[in-house]
Structures are given as C-alpha cells and as structure tokens.
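Have a look at the structure below before the remarks.
The values are calculated or read from the model by the stated rules, or taken from the named source; none is laboratory data. Note that the structure is predicted; figures quoted are calculated from it, not measured. Quick reminder, even Gly has a Cβ in these numbers, built from the backbone with ideal geometry, and neighbours come from all protein chains shown. Ligands, DNA and RNA are excluded from the accessible area calculation, which covers all protein heavy atoms including side chains. Shrake-Rupley method; radii C 1.70, N 1.55, O 1.52, S 1.80 Å.
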Amino acid sequence: MTFTKTTEQSSHYDSLEHMSVADLLSNINKEDQTVPLAIEKALPQIEALVSKTVEKLKLGGRLFYIGAGTSGRLGIVDASECPPTFGVPFDLVNGIIAGGDKAIRRAVENAEDDRNQAWIDLQEQHIGPNDVVIGIAASGTTPYVIGGLEACNKQNILTGCITCNEGSPLALTALYPVVVVVGPEFVTGSSRMKAGTAQKLVLNMISTTTMIQLGRVKGNKMVDMQLSNDKLVDRGIRMIMGEIPVTYEEAALLLKENGSVRKAVNYFNTK
C-alpha cells in the first residue's frame, strides 16, 4: 500500500483571505461534518482496541496516551477528565506529551523528533505488561510516538494508535490501529482542525466505553463522579432523588455522608 499523507494535501478551498466571516465559518462547518462519517468507518478498529483495553484494565493495568503537540494535548485532556467524571484513580488513565508538561502550553522545539524519549517517559511510570499504550499522531509519522510503540511491542505491552493517514508508519506499528481518514484540512496542513476533532471524538469513545465496561456508569449516570464543585454536588443530589424516595435535603445529607451517588444509594437501600 502506498502511503499518502492526506492530512498534508492541499485544501479543497482557496483564497481563504478573501472569504467573508460567514463563508469561512460555513465552509469550516461543512468540513467538520465529514468527521463523524469518517469515524464510522473506523468503528470496528475502535471496538477491537477498546475490547483489549478493557481486558488489560480488568487485570490491574493502566491506559497511557502518548503524543506530541496537539495530539499530546488531546490525550492529556482525555486522561485528566477520567478521575472527576468516573471517580477512578488519577493514575489509571495517563497522558504523556513529548517535551514534558511545559509542552502543554508552549511548543518544545524538536521534542517530537526524539525516537527514544517516549520509552524513557513510559519507564518513569513503571510501565508493565498489563498496561496499554495508545499513540496519537494525525500524521502517523511522529518519531516520538512511533519509537514509543516500537519499544512497547518489544516488551509485549499492548499498543494502539489514533491516526488520520492510512498506511502510515504509526498505523503499521500499532497492534490495534485506529485510522480515521478525514482528508485535507480547510487550512492546508492544519491538522488541529478535522484531524484534531477526529482524535478528540475517538478518545471520548475509548475512555467512555472503557469506563462503562468497568462498571463506572449506572444506567446512564456518572454515579462515581467526584463532587468537586457546587454544580456537581447539585447534580449528584438530583441523581440520588431519581433513584430513591428522598427529599432534596435528605439526598444532600446522604451524599455528604457517603461521598458519592453510588455509595449514598447503596447505603439507603441496605438500611
């Protein structure tokens, strides 16, 4: 298969600087609407990766995302949202970015070009055979990510990837690749746009489906969410009221005493 980097091909639109604001927004939106359809074609790949991830996490493993630039930041966002949303330990889902935490806000020159650094970063987290490492790179050619997955493969650590170029080196390296072909960007080569959107949507699917499979959702509710602000406390109280026959004040007291919606409801039902 010939590898063509479609994310770098010329935009379907030209003379962007001469477009009105309305036309720019309309055309970007038109392109964005193609992303979910591209993801739909990759659903079997996503299912395979999630199924294996759930298996490993049930054995006590952890999930790691590795990436550079936008891809790395998206992995960090998804990882950081898992503890407050699902009440899991902060180190169950981890995001690692080329260049370290300082690269979250500002690009670190040449960080993505080091083929060996990702494995060094993973070893600092005491990576093991029950863990899963998903490399994220729109181009599918980022040395930091490819090198990390190559090292994991040698150590029999499960690897997956999210990329937007079919037949890319990254897709060929990961044991469970997810390839979402979104085509050329509205601004040529700006893969933070459609490719970034695709990566974010796939990350949502991976982490949410995994957490549901691990029993972190009941019905359709985040019963283990962390009660970190007034909005979430109020949501938790109303969730309890929807499950058991109590007033708002009684639900609030149960939540305060038990610390989570799940524990509050279980306590009430076992009294």
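Looking at Arg73, Arg62, can you tell me which residue is under 20 Å from Glu150 (Cα atoms), at pLDDT 95 or above, within 16 Å of the chain's Cα centre (by Cα) and surrounded by 12 or more Cβ atoms within 10 Å (Cβ to Cβ)?
Arg62
What pairs come out if I take residues in segment 170-185 that are in a loop (DSSP other than H, G, I, E, B) and pair them with residues that are of a type in the set (Val, Ile, Thr) whose C-beta lies under 6 Å away, six or more apart or interchain?
The qualifying pairs are Ala174/Thr159; Leu175/Thr159; Val180/Ile39; Val182/Val35; Gly183/Thr6.
Inspect segment 128-148 for any residue being in a helix (DSSP H, G or I), modelled with pLDDT of 95 or more, in contact with a strand residue (DSSP E or B) (Cβ under 9 Å, 6 or more places away or on another chain) and open to solvent by 20 Å² or more (accessible area, probe 1.4 Å) and give the result as yes or no.
no
Name the residue that is farthest from the chain's Cα centre (by Cα), counting only residues in segment 240-271 that are under 18 Å from Gly87 (Cα atoms) and outside any helix (DSSP H, G or I).
Across segment 240-271, the extreme among qualifying residues is Gly259.
Output the residue which, of all residues in segment 187-224 that are assigned to a loop (DSSP other than H, G, I, E, B) and without any contact (Cβ under 8 Å) to a residue 40 or more places away in the chain, is most open to solvent (accessible area, probe 1.4 Å).
The extreme case among them is Asn220.
Any idea which residue in segment 99-120 is nearest to the chain's Cα centre (by Cα), counting only those that are buried (at least 20 other Cβ atoms within 10 Å of the Cβ) and at pLDDT 95 or above?
By that ranking, first place goes to Ala118.
For segment 1-117, list the helices (runs of 4 or more DSSP H) that sit wholly inside it and hold at least 2 residues that are hydrophobic (A, V, I, L, M, F, W, C) and under 21 Å from Ser168 (Cα atoms); which are they?
In segment 1-117, 35-41, 43-58 are the helices (runs of 4 or more DSSP H) which contain 2 or more residues that are hydrophobic (A, V, I, L, M, F, W, C) and under 21 Å from Ser168 (Cα atoms).
Please count how many residues of segment 1-29 are without any contact (Cβ under 8 Å) to a residue 24 or more places away in the chain and either exposed (fewer than 11 other Cβ atoms within 10 Å of the Cβ) or farther than 9 Å from Phe186 by Cβ (or both).
Residues flagged as without any contact (Cβ under 8 Å) to a residue 24 or more places away in the chain and either exposed (fewer than 11 other Cβ atoms within 10 Å of the Cβ) or farther than 9 Å from Phe186 by Cβ (or both) within segment 1-29 amount to 12.
Within the set of pairs 6+ apart or on separate chains, which have a first residue in segment 56-83 that is among the charged types (D, E, K, R), a second that is modelled with pLDDT under 95 and surrounded by fewer than 23 Cβ atoms within 10 Å (Cβ to Cβ), and C-beta atoms under 7 Å apart?
Every condition considered, the pairs that remain are Arg73/Ile104.
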